[in-house]
Amino acid sequence: MEQGKWHQMGTDELAQSFQGSLETGLTPEEAADRLSRFGRKELTEGKKASPWKLFFGQFKDFMVLVLIGATLISGLLGEYLDAITIVAIIVINAVLGFVQEYRAEKSLRALKALSAPAAKVMRGSTVIV
């Protein structure tokens, strides 16, 4: 079976490509073997980043690093008002980016908690929920 083409196949062709049967499904032994070979089909959440890590991650952007460089140059040239202004812009950008990223992460966790995936499968001619 070609990668990514399963959605274009007919049901018989799809069952054949997965070595299954539309009438009986997989045998319990074959299902257990595939589970041990391929693992469970679950979305992984990944490592949860701490709020501090999210905040300080805002300073890794290339443009922020350029602004930090501009701040240093302005400070060395005695343009303290410009340096303070650039630092304020950097801090405001970091706070806004942090808030947006934190809320997005929180929303994704809430959506995952709301979803209750369930599937009907056929194992040896028996439908299992």
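The values are calculated or read from the model by the stated rules, or taken from the named source; none is laboratory data. As the structure is a prediction and not an experimental result, all values here were calculated from the model. Neighbour counts run over all protein chains shown; Cβ positions are idealised from the backbone, glycine included. Keep in mind that these areas ignore ligands, DNA and RNA; they rest on the heavy atoms of the full protein, side chains included. Shrake-Rupley method; radii C 1.70, N 1.55, O 1.52, S 1.80 Å.
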Inset, instruction - Give the range 1-12 a look and list any residue that's open to solvent by 100 Å² or more (accessible area, probe 1.4 Å), modelled with pLDDT of 80 or more and of a type in the set (S, T, N, Q), or say none. - result: Gln8
Inset, instruction - Return the total of residues in the range 40-80 being assigned to a loop (DSSP other than H, G, I, E, B) and open to solvent by less than 50 Å² (accessible area, probe 1.4 Å). - result: 2
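Could you say which residue among Ala88, Ala94, Ala113, Ala119 is open to solvent by less than 90 Å² (accessible area, probe 1.4 Å), under 30 Å from Ala32 (Cα atoms), assigned to a helix (DSSP H, G or I) and not hydroxyl-bearing (Ser, Thr, Tyr)?
Working: Ala88 fails: under 30 Å from Ala32 (Cα atoms); Ala94 fails: under 30 Å from Ala32 (Cα atoms); Ala119 fails: assigned to a helix (DSSP H, G or I).
Just a single option satisfies the conditions, and that option is Ala113.
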Inset, instruction - Look through Ser107, Ser125, Ser115, Ser74 and report the one residue that is among the polar types (S, T, N, Q) and in contact (Cβ under 8 Å) with a residue 60 or more places away in the chain. - result: Ser125
Legend entry - Qualifying position, being modelled with pLDDT under 85, hydrophobic (A, V, I, L, M, F, W, C), more than 18 Å from the chain's Cα centre (by Cα) and not in a loop (DSSP other than H, G, I, E, B), among Ala15, Ala32: Ala15
